[in-house]
Amino acid sequence: MGFSSITHWLIVLLIVFLIFGTSKLRNIGSDLGAAIKNFKDAVKNENTTKVKKSIRRTSKTRARK
(Lines give C-alpha, C1' and ligand atoms only; values in the text may rest on other atoms or scores of the structure.)
Protein backbone atom coordinates (compact mmCIF):
# COMPACT_ATOMS: atom_id res chain seq x y z
CA MET A 1 0.00 0.00 0.00
CA GLY A 2 2.04 2.91 -1.31
CA PHE A 3 1.22 6.47 -2.22
CA SER A 4 -0.78 5.50 -5.29
CA SER A 5 -4.13 6.00 -3.57
CA ILE A 6 -5.95 9.31 -4.01
CA THR A 7 -6.78 9.45 -0.31
CA HIS A 8 -3.09 9.35 0.59
CA TRP A 9 -2.40 12.27 -1.76
CA LEU A 10 -5.33 14.25 -0.33
CA ILE A 11 -4.02 13.73 3.20
CA VAL A 12 -0.53 14.83 2.14
CA LEU A 13 -2.00 17.89 0.41
CA LEU A 14 -4.03 18.76 3.52
CA ILE A 15 -0.92 18.51 5.71
CA VAL A 16 1.03 20.75 3.31
CA PHE A 17 -1.77 23.33 3.42
CA LEU A 18 -1.82 23.21 7.21
CA ILE A 19 1.94 23.62 7.50
CA PHE A 20 2.53 26.31 4.89
CA GLY A 21 -0.86 27.95 4.53
CA THR A 22 -2.39 29.02 1.25
CA SER A 23 -0.74 32.44 1.14
CA LYS A 24 2.77 31.00 1.44
CA LEU A 25 2.02 28.42 -1.23
CA ARG A 26 0.74 31.18 -3.50
CA ASN A 27 3.94 33.18 -2.90
CA ILE A 28 6.09 30.12 -3.58
CA GLY A 29 4.21 29.51 -6.82
CA SER A 30 4.58 33.09 -8.03
CA ASP A 31 8.27 33.16 -7.08
CA LEU A 32 8.84 29.91 -8.93
CA GLY A 33 7.05 31.26 -12.00
CA ALA A 34 9.13 34.45 -11.93
CA ALA A 35 12.34 32.43 -11.61
CA ILE A 36 11.43 30.28 -14.61
CA LYS A 37 10.57 33.39 -16.66
CA ASN A 38 13.88 35.06 -15.75
CA PHE A 39 15.78 31.90 -16.64
CA LYS A 40 14.11 31.71 -20.05
CA ASP A 41 14.86 35.39 -20.69
CA ALA A 42 18.51 34.91 -19.71
CA VAL A 43 18.88 31.93 -22.02
CA LYS A 44 17.23 33.86 -24.84
CA ASN A 45 19.52 36.87 -24.32
CA GLU A 46 22.59 34.64 -24.23
CA ASN A 47 21.62 33.01 -27.51
CA THR A 48 21.05 36.37 -29.23
CA THR A 49 24.41 37.72 -28.04
CA LYS A 50 26.16 34.59 -29.31
CA VAL A 51 24.49 35.03 -32.70
CA LYS A 52 25.48 38.70 -32.83
CA LYS A 53 29.10 37.85 -31.96
CA SER A 54 29.26 35.17 -34.63
CA ILE A 55 27.83 37.59 -37.20
CA ARG A 56 30.50 40.14 -36.27
CA ARG A 57 33.24 37.53 -36.58
CA THR A 58 32.07 36.37 -40.00
CA SER A 59 31.76 39.92 -41.28
CA LYS A 60 35.30 40.71 -40.06
CA THR A 61 36.74 37.63 -41.76
CA ARG A 62 34.91 38.45 -44.98
CA ALA A 63 36.23 42.02 -44.86
CA ARG A 64 39.80 40.73 -44.56
CA LYS A 65 39.46 38.67 -47.74
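General observations
- Any hit, the stretch 35-42, residues being modelled with pLDDT under 90 and either under 25 Å from the mean Cα position of the chain (by Cα) or exposed (fewer than 10 other Cβ atoms within 10 Å of the Cβ) (or both): yes
- Check on Ser30, in a helix (DSSP H, G or I), over 11 Å from the mean Cα position of the chain (by Cα) and modelled with pLDDT of 85 or more: yes
The values are calculated or read from the model by the stated rules, or taken from the named source; none is laboratory data. The structure displayed is predicted, hence computed values, not measured ones. Positions of Cβ are backbone-derived with ideal geometry, glycine not excepted, and every protein chain shown enters the neighbour counts.
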